[in-house]
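Some notes on the structure that comes next.
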Amino acid sequence: MKPHREDRTVNIILASLCSVSLLMMLLPLSRPIRAVRAFVGHVFEPMMFAGAEGTERLALVPSRARQLIVADIENRSLKDEFARVGLLRAELESLRAENARLSASLGLQLPEGRGAVWARVMERDPLTWYQSVAVDVGRAQGVGLNAAVLAQDEGQLVVIGRIAEVGERTSKVLLVTDEFSSVAAYLSSGTVEGLIQGQGSERLRMNYLHSEAVVVTGDEVRTSATSATFPPGILIGTVAKPYARDPFLTFQSVEIRPAVDPASVKEVMILK
Amino acid sequence: MKYFRMAFVFVLAALAHWWWTTYLSFYGVAPHLLLVMTFVVAARQGPVPAMCCGFAWGLFLDVSSLHLAGSSSMALTIAGYLVGNIRRQVDVSSIAPQCVILVVGTWAYFLFTGLAGLVVLKHFLWPGWAVFLLAPFYNSVLGPVLFWAWDVGVES
């Protein structure tokens, strides 16, 4: 009984669908058929429209992919170039600053009868930051042991240190801030002399000042004529503050602020 | 879920047929994807789904064409009915019967639409010798692939 019912259903569906089709064939211009066709067209047209659009886009995929690859390659090369330009810019800034410093140093007056050679600071060890630096001139450029090493600050020469080790093309500078460094100096407000000594930090200490001497904060400290290394009158720094007097000592001491931070010097002048 | 798959297959088949005949036909010869799909649905699901799908796909073809609206829908409906009933007598799971049914069925489809044109329009709608001779074999090559795709994609 069941198969028979199924067959009947199939036959009814077949007859219905065929009847609709037949009506569409026989009455193509009648209003209901045109309405059905219009409706079916309305349903299917978006599919074809979307399909055509999708096909057009698919056709563009190879060229778009090519453009994307080309753009990616360009992007990579531009990134490389951008990084290179950044390095060049940093180098340019560095050279510009160096140029400014060297231009300013052209107006410097060298101590009488002394020749000089300019050197670039090429190494500064963090462990010996206030002790020594290496410069790129040596015996080949006429640099000698214990030669005075100066820098320029606002148009005048400033003491940096002395040559402690000479190589063929490099030298090591013992900075005035090193604990083993000492320079004979005087205060500009009088003729009180003392001995500048490094402390291993950015500040210096001036010892052996006469106990009765009046020390004024901000006084300039310059190299003394009694210095065996430095020409007289070269600026070292200014008085930062006097230390508390020790009643057991017969002299007083002051703290000196160097005119130039030796840690930031990039070029130095070495006297011959 | 099954009905969603069927709906998806319906839309996909209509789009694929339109795309293939529009962009991949070779001298006007392209496989009749919707006819083959009607056979596949009939062989796998029986006559009722095949007739419904065939009728709807036929409407799609009728809307696409200017000639004789209703002929394709009727032809595909009848194709779904016949193949859906034949599957009780013929093993449609192997490739050889599938190919034979597709070749014969395609020729029958062309003859039916042509005769329908002759009856209604007084003009035999002849698809051309190239299509008449080549399309059935094209369909018979495509058929087993679609049978396999149906088994994997819809019935698995």
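Is it true that some residue in the range A:26-48 is part of a helix (DSSP H, G or I), aliphatic (A, V, I, L, M) and either within 30 Å of A:Ile270 (Cβ to Cβ) or under 32 Å from the mean Cα position of the chain (by Cα) (or both)? No, that holds for no residue.
From the list A:Leu209, A:Leu195, A:Leu157, which residue is at pLDDT below 90 and either under 16 Å from A:Thr226 (Cβ atoms) or in contact with a Phe, Trp or Tyr (Cβ under 7 Å, 6 or more places away or on another chain) (or both)? Selected residue: A:Leu209, the only one of A:Leu209, A:Leu195, A:Leu157 that is at pLDDT below 90 and either under 16 Å from A:Thr226 (Cβ atoms) or in contact with a Phe, Trp or Tyr (Cβ under 7 Å, 6 or more places away or on another chain) (or both). Within the range A:99-110, the presence of a residue that is surrounded by fewer than 19 Cβ atoms within 10 Å (Cβ to Cβ), modelled with pLDDT of 85 or more and out of contact with any Pro (no Cβ under 9 Å at 6 or more places or on another chain) is excluded. Scoring B:Val119 on the criteria (1) facing chain A (nearest Cβ under 10 Å); (2) surrounded by 17 or more Cβ atoms within 10 Å (Cβ to Cβ) leaves a single failure, condition (2). Among the candidates B:Val36, B:Val29, B:Val40, B:Val63, the residue that is out of contact with any Ser or Thr (no Cβ under 9 Å at 6 or more places or on another chain), touching a residue at least 60 places away in the same chain (Cβ under 8 Å) and either closer than 17 Å to B:Thr113 by Cβ or of a type in the set (S, T, N, Q) (or both) is uniquely B:Val29.
Listed by position, the strands (runs of 3 or more DSSP E) inside the range A:110-228 whose residues that are under 27 Å from the mean Cα position of the chain (by Cα) number at least 3 are A:116-123, A:132-135, A:148-153, A:171-175.
Here the condition is being of a type in the set (A, V, I, L, M) and more than 7 Å from chain A (Cβ to nearest Cβ); of B:Leu59, B:Leu68, B:Leu76, it holds for B:Leu76 alone.
Every listed requirement among (1) more than 9 Å from every other protein chain (Cβ to nearest Cβ); (2) exposed (fewer than 13 other Cβ atoms within 10 Å of the Cβ) is met by A:Arg34 save one, (2). The numbered conditions (1) away from chain A (no Cβ under 14 Å); (2) surrounded by fewer than 17 Cβ atoms within 10 Å (Cβ to Cβ) are all true for B:Ile101 except (2).
Does A:Gln141 fit the bill of being exposed (fewer than 11 other Cβ atoms within 10 Å of the Cβ) and either out of contact with any Lys or Arg (no Cβ under 6 Å at 6 or more places or on another chain) or at pLDDT 85 or above (or both)? The answer is no for A:Gln141. Scan the range A:1-31 for residues that are of a type outside the set (S, T, N, Q), over 26 Å from B:Val11 (Cβ atoms) and more than 7 Å from chain B (Cβ to nearest Cβ) and the total you get is 13. What do you reckon, is A:Pro46 more than 10 Å from chain B (Cβ to nearest Cβ), within 30 Å of B:Ser71 (Cα to Cα) and not basic (Lys, Arg)? Taking the combined requirement at face value, the residue satisfies it. The set of residues in the range B:14-46 being surrounded by 21 or more Cβ atoms within 10 Å (Cβ to Cβ) and more than 17 Å from B:Ser65 (Cα to Cα) consists of B:Val36, B:Met37, B:Thr38, B:Phe39, B:Val40, B:Val41, B:Ala42, B:Ala43.
Take the conditions among the basic types (Lys, Arg), within 52 Å of the chain's Cα centre (by Cα) and more than 8 Å from chain B (Cβ to nearest Cβ) and apply them to A:Arg66. Does it pass? Yes.
The values are calculated or read from the model by the stated rules, or taken from the named source; none is laboratory data. Fair warning: this is a prediction, and the values are worked out from it, not measured in the lab. Don't worry about glycine lacking a Cβ; one is built from the backbone with ideal geometry, like all the others, and counts go over all protein chains shown.
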